[in-house]
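A.B. asks: Have a look at this one.
Read the figures in this text as sums done on the coordinates, not as results from a lab. None of the values given here were measured: they were computed from a predicted structure. For neighbour counting, all protein chains shown are included, and Cβ atoms are generated from backbone atoms with ideal geometry for every residue, glycine included.
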Amino acid sequence: MAKIEMKNPIAELDGDEMTRVLWAVIKEKLLEPFVDLKTEYYDLGLKSRDDSDDKITYAAAEAIKRLHVGVKCATITSNEARVKEYNLKQLTRSPNGIIREELDGTVFRAPIFVNNIQCCVTSWKKPIVLGRHAYGDVYKNCEIKVPGAGKAELVFTAEDGTEIRKTIQMMKGPGILQGIHNMDKSIESFARCCFNYALDQKISVWLGTKDTISKTYDGNFKTIFQKIFDEEFKAKFDAAGIEYFYTLIDDCVARIMKHEGGILWACKNYDGDVMSDMIASACGSLAMMTSVLVSPDGNFEYEASHGTVQKHYYRYLKGEKTSTNPVATIFAWTGALAKRGELDGTPELVDFAKKLEKATLDVIEEGTMTGDLARLANPPAKQVLDSWAFIDAIAAKLK
């Protein structure tokens with residue numbers, strides 16, 4: 001069988017642990033037999049990033065900007081335990097955080113629905129797309145553990161030397177301090193990405209922040225979103241029959257539990273990190289969610305939104321074949337290939353990506369699945385397979 005041609009490569013960002021293992025299997029069984037796969041490969045495994053002092057991560061981000069499409073495997077963000085385990089030189093930064101900053105992008109995540117996996121939130125009939133701001137906040141913070149009593153201040157020194165100074169707290173003993181920031185330009189990009197995505201998908205946008213408490217920081221998100229909507233998008237939204245809706249994040253969470261779905265929920269960085277996991281878990285599994293980072297200038301990075309599945313990896317090292325769900329990683333590849341085909345004018349590549357997605361969901365809906373889904377399936381699963389056998393079943397269906 002002649003393989004489908006790719007005109008241009010995509011940036012391939014390899015990762016860590018169990019997802020790295022399955023990354024290679026997916027390429028071998030589901031992609032390379034059908035597509036003349038063209039990629040620029042970057043090893044973003046933890047040791048590789050540490051050895052290069054994160055130069056490999058920045059090079060990968062530049063490749064995505066140059067090629068306009070990237071696909072990323074899940075990666076480890078190190079902590080003290082990982083420093084010892086991998087014999088690292090230092091605590092490494094989040095590679096996702098670096099790439100998001102370099103691309104100035106917004107992350108859009110949506111659950112993957114299958115007919116035989118019932119959503120825990122019974123009112124959700126349509127996917128909830130979560131738009132996550134991908135810059136600043138706690139992911140680019142500055143922290144201090146203070147040893148004792150003293151005065152904690154927030155200080156801004158302008159280029160001309162003038163200062164703005166505020167007292168955070170008169171510390172009466174040991175404690176902790178954290179400084180976070182954001183940029184108007186990044187929030188503006190976030191707003192435009194969300195509104196453009198919503199117009200493309202014909203869905204309404206919700207934004208929730210805590211501006212009643214964080215009047216300046218969270219209030220800035222509210223103000224910028226409203227200004228951009230009123231000046232650039234209101235007429236387009238009216239014509240499309242969709243709306244932009246702002247409320248407190250508390251109210252958003254309460255409303256979302258009773259909503260039917262089919263909306264874009266715009267969240268600040270940390271809120272989006274947490275809420276996307278909530279939506280994915282309620283819809284079946286963290287491995288049943290698509291995730292794409294979209295930059296304002298038209299660059300796309302597709303990834304699995306879950307972690308590296310550490311516990312399964314340790315079992316794999318002992319010789320076990322685990323039932324790790326590879327669906328989100330498969331859909332990261334299909335998203336990237338479809339976008340490459342769209343940008344390059346190769347509809348056969350787009351068609352292949354859609355067929356691979358359909359084959360994956362057909363296998364599950366016919367009753368063959370991994371263990372995480374089998375616990376939720378209704379009717380009960382007919383076959384519970386390890387990851388390798390599950391990928392083989394998808395390959396057979398695809399052929």
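A.B. asks: Show me 370-377, 302-309 ranked by packing, highest mean number of other Cβ atoms within 10 Å first.
C.D. replies: 302-309, 370-377
A.B. asks: Would you mind checking the tilt of helix 347-365 against the longest principal axis of the Cα atoms of the chain, expressed as 0 to 90 degrees and rounded to 10?
C.D. replies: Taking the Cα atoms of the chain, the angle to 347-365 is about 80 degrees.
A.B. asks: At 0.36 nm per residue, and after removing the present C-alpha to C-alpha distance, how many nm does the segment from E342 to T223 gain when stretched out fully?
C.D. replies: 39.3 nm
A.B. asks: Would you please give the FRET efficiency between K172 and Y314, computed as 1/(1 + (r/R0)^6) with r the Cβ-Cβ distance and R0 = 56 Å, to the nearest 0.05?
C.D. replies: About 0.80, to the nearest 0.05.
A.B. asks: Quickly work out the E28-to-L154 label distance, labels modelled 7 Å from Cα along the C-beta direction, and quote it in nm with one decimal.
C.D. replies: Spacing of the two 7 Å Cα→Cβ label points: 5.3 nm.
A.B. asks: For the range 239-317 and the range 133-205, what is the separation of their Cα centres, given in Å?
C.D. replies: A separation of 22 Å, based on Cα centres.
A.B. asks: Explain nothing, just the number: dipole magnitude of the range 252-399 about its Cα centre with +1 on each Lys and Arg Cβ and -1 on each Asp and Glu Cβ, in debye rounded to the nearest 20.
C.D. replies: 460 debye
A.B. asks: Let me know the shape class of the range 1-116, please: from the alpha-carbon gyration tensor, a ≥ b ≥ c as square roots of the eigenvalues, rounded when a/c is under 1.5, otherwise prolate if a/b is greater than b/c, or oblate.
C.D. replies: Verdict is prolate for the range 1-116.
A.B. asks: Sort C142, C73, C119 so the one with the fewest other Cβ atoms within 10 Å of its own Cβ comes first.
C.D. replies: Placing the least packed residue first, the sequence is C142, C119, C73.
A.B. asks: Moving on to the next point. Go ahead and run the numbers for FRET between D238 and K125, Cβ-Cβ distance against an R0 of 30 Å, rounding to 0.05.
C.D. replies: Efficiency, rounded to the nearest 0.05: 0.75.
A.B. asks: Along the charge dipole of the range 317-396, pointing to its positive end and built from +1/-1 on Cβ of Lys, Arg, Asp and Glu, which listed residue (A393, N378, L356) has its Cα farthest out?
C.D. replies: Highest projection toward the positive end goes to N378.
A.B. asks: Can you give the angle from 0 to 90° between the axis of helix 55-67 and the longest principal axis of the chain, with both taken from C-alpha atoms, to the nearest 10?
C.D. replies: Once rounded, the angle reads 70 degrees.
A.B. asks: While we're on this one: Pop the C-beta distance of T216 and K7 into the FRET formula with R0 = 51 Å and round what comes out to the nearest 0.05.
C.D. replies: Given R0 = 51 Å and the Cβ-Cβ separation, E is 0.60.
A.B. asks: Now for a separate question. Within a 10 angstrom radius of the beta carbon, how do W206, W265 rank from fewest other beta carbons to most?
C.D. replies: W206, W265
A.B. asks: Another question, if that's okay. Relative to the Cα centre, what is the charge dipole magnitude of the chain, using +1 at the beta carbon of each Lys and Arg, -1 at the beta carbon of each Asp and Glu, and rounding to the nearest 20 debye?
C.D. replies: Charge dipole of the chain: 840 debye, to the nearest 20.
A.B. asks: Follow-up. Stretched out fully, how many nm does the piece from K355 to S281 gain, at 0.36 nm a residue minus the Cα gap?
C.D. replies: In short, 24.1 nm is gained.
A.B. asks: May I pose another question? Would you mind classifying the chain by shape? Square roots of the alpha carbon gyration tensor eigenvalues, ordered a ≥ b ≥ c; an a/c under 1.5 is rounded, otherwise it is prolate if a/b is larger than b/c and oblate if not.
C.D. replies: Taking the square roots of the gyration eigenvalues as a ≥ b ≥ c, the chain is prolate.
A.B. asks: Give, rounded to the nearest 20 debye, the magnitude of the charge dipole that the range 92-174 has about its Cα centre when Lys and Arg contribute +1 at Cβ and Asp and Glu contribute -1 at Cβ.
C.D. replies: Using Cβ point charges on Lys, Arg, Asp and Glu, the range 92-174 gives about 560 debye.
A.B. asks: In the structure displayed, which of K358/K399; K65/K234; K172/K215; K222/K268; K227/K268 lie more than 19 Å apart, Cα to Cα?
C.D. replies: Correct reply: K65/K234; K172/K215.
A.B. asks: Which one, N269, I249, F300, is farthest towards the positive end of the dipole of the range 174-304 when Lys and Arg carry +1 and Asp and Glu -1 on their Cβ?
C.D. replies: I249
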